[in-house]
Amino acid sequence: MMQWNKRNIAAFLLCTWYILSGKLRKVKKRAARGEFILSVYFHYPSRALFEYCVRWFTKNGFRVIGLDELEAVARGEKPFPTSAVVLTADDGWRSNLDSIVPVANAYKVPVTIFASTRPIETGEAYWWSYIAAGGEKGLTKQSVSALKHVPNAERLAEVSKVRAGLELPREAMTIEELQQTSRSGYVHIGSHTVTHPMLTACDDDTASYEISESGKILRNWLSKEVPYFAYPNGAFTERDIRLLKAHGYRMAFSTEQTYVTPDNIKNIYAIPRFDVLETVSFTENLCRMTGVWFNR
Ligand SMILES: [Zn+2]
């Protein structure tokens with residue numbers, strides 16, 4: 001939830017100034033000239049936030065393109081589009097069912113949700129939720145950010161220790177909900193690994209498992225191909241790109257906060273994305289999703 005704290009007020013004022021000084025107009029013009037595609041990702045937006053973003057794009061002449069079209073552009077099979085945006089969401093949050101899914105279908109805009117399969121399969125919360133809640137209860141001394149940088153086996157051991165002493169409600173969709181979502185028409189499912197590790201903290205076997213198994217599980221659940229992937233926390237190396245290619249993925253998304261340009265789209269396993277946050281003002285998110293915030 002958004003709170004009007006000092007940080008958000010300051011950012012709101014700054015973004016209001018950016019908008020008044022014409023920075024959004026400039027982004028629209030540059031996108032209309034085909035200088036770049038906007039690429040935006042969400043986690044668990046409210047319906048109001050997601051609808052606000054979709055409405056802004058459609059009202060301002062943007063066309064939401066699917067990842068199949070983005071891939072064709074990246075491969076040079078289609079010309080670089082003008083006034084285009086791609087929308088993605090990470091993790092597979094259950095709340096997406098009441099926000100992203102109905103809005104995507106009502107506005108007929110394609111969205112891809114990158115889902116981690118383990119929380120969907122078992123009902124366990126996302127691993128960082130155990131660490132955050134466990135920290136408050138004195139069950140762990142580790143922080144979420146510290147655990148992103150230890151070897152993956154150590155992270156998993158710490159998380160299962162905390163999970164043994166702490167029950168958290170389901171945060172991810174169920175398998176049935178994911179299947180329904182995937183059948184709904186405008187929402188597509190991509191892979192986001194099995195357990196949401198930092199791939200950079202995984203040895204070769206673990207990274208290979210996380211990348212191949214998640215795709216296999218999703219294909220099995222959805223009876224569809226799963227050609228697209230998003231790196232958890234945007235972390236990856238050349239090794240992970242090799243693994244993605246070996247396991248049949250055709251395009252992958254980072255969390256580098258920049259525009260998709262005719263030049264960087266050639267790195268088809270590192271498509272950048274701007275993040276929209278659940279905890280800041282609409283005005284700031286307008287500047288985030290148009291890249292204005294990241295090009296100050
Ligand atoms: Zn994620």
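All of the numbers you see were taken from the coordinates with simple rules; none came from a lab. Worth saying up front: this structure is predicted, and the values here are computed from it rather than measured. Here Cβ is always computed from backbone atoms with ideal geometry, including for glycine, and neighbour counts include all displayed protein chains.
Here the spin labels are modelled as points 7 Å beyond Cα on the Cα-Cβ line, and at residue 279 and residue 245 they lie 3.8 nm apart.
For a test of the definition: using alpha carbon positions, the gyration tensor, and the 1.5 limit on a/c, classify the stretch 1-100 as rounded, prolate or oblate. It is oblate, given that a/c is not under 1.5 and a/b is not larger than b/c.
Only four residue types carry charge here, +1 at the Cβ of Lys and Arg and -1 at the Cβ of Asp and Glu. Report the dipole size of the chain about the Cα centre in Debye, rounded to the nearest 20. List each step's numbers first, then the result.
Working: 37 positive and 31 negative charges, 271 e Å.
So the dipole magnitude of the chain works out to roughly 1300 debye.
Altogether, the Stokes-Einstein calculation at 4 °C and 1.567 mPa s, with the Kirkwood radius of the stretch 87-183 over Cα pairs as Rh, returns a diffusion coefficient of 88 µm²/s. Rounded to the nearest 5, the antiparallel percentage of DSSP beta bridges internal to the chain is 10%.
Rg and Dmax, both from the Cα atoms of the stretch 97-241 and both in Å, are 16.0, 46. Charged neighbours of residue 84, selected by a Cβ distance under 9 Å, balance to 0 (K, R count +1; D, E count -1). Close amide-amide hydrogen proximity is noted between residue 253 and 229, 230, 231, 271, each under 5 Å apart and 5 or more residues distant or on a separate chain (H modeled in the peptide plane; Pro and chain starts excluded). Other residues whose C-beta falls under 14 angstrom from the C-beta of residue 209 contribute a net charge of -3, scoring Lys and Arg +1 and Asp and Glu -1. Evaluating 6.51 cos²θ - 1.76 cosθ + 1.60 at θ = phi - 60° for every residue in the stretch 247-260, the Karplus couplings come out as 9, x, 6, 10, 7, 9, 10, 9, 10, 5, 8, 8, 6, 8 Hz, glycine and proline recorded as x.
Counting other beta carbons within 10 Å of each Cβ, put 145, 116 in order, fewest first.
Details: 145 9, 116 24.
Taking fewest neighbouring Cβ atoms as first place, the list is 145, 116.
Taking springs between alpha-carbon atoms closer than 10 angstrom, which of 283, 255, 117 fluctuates most in the Gaussian network model of the chain? Of 283, 255, 117, the most mobile in the Gaussian network model is 283.
Trypsin sites (Lys or Arg not before Pro), restricted to the stretch 1-103: which are DSSP loop and have at most 10 other Cβ atoms within 10 Å?
Passing sites in the stretch 1-103 are 33.
Ordering 9, 189, 100 by the number of other Cβ atoms within 10 Å of each residue's own Cβ, fewest first, gives 9, 189, 100. What FRET efficiency, computed as 1/(1 + (r/R0)^6) with R0 = 35 Å and r the Cβ-Cβ distance, is obtained for residue 33 and residue 184, rounded to the nearest 0.05? It comes out at approximately 0.55. In terms of surrounding Cβ atoms within a 10 Å radius of their Cβ, 192, 43, 149 rank from fewest to most as 149, 43, 192.
State the Kirkwood hydrodynamic radius of the chain in Å, one decimal place, computed from all pairs of distinct Cα atoms. The Cα-based Kirkwood calculation yields 19.7 Å. With a simple spin-label model that places each label point 7 Å from the Cα along the Cα-to-Cβ direction, the separation between residue 204 and residue 149 comes to 2.7 nm. Remark: for residue pairs 141/216; 148/224; 148/245; 26/245; 29/245, the C-alpha separation exceeds 27 Å in 141/216; 148/224; 26/245; 29/245. Over the chain, DSSP H runs of length four or greater, each weighted -39,500 (n - 2.57), average out per residue to a 222 nm ellipticity of -13000 deg cm²/dmol.
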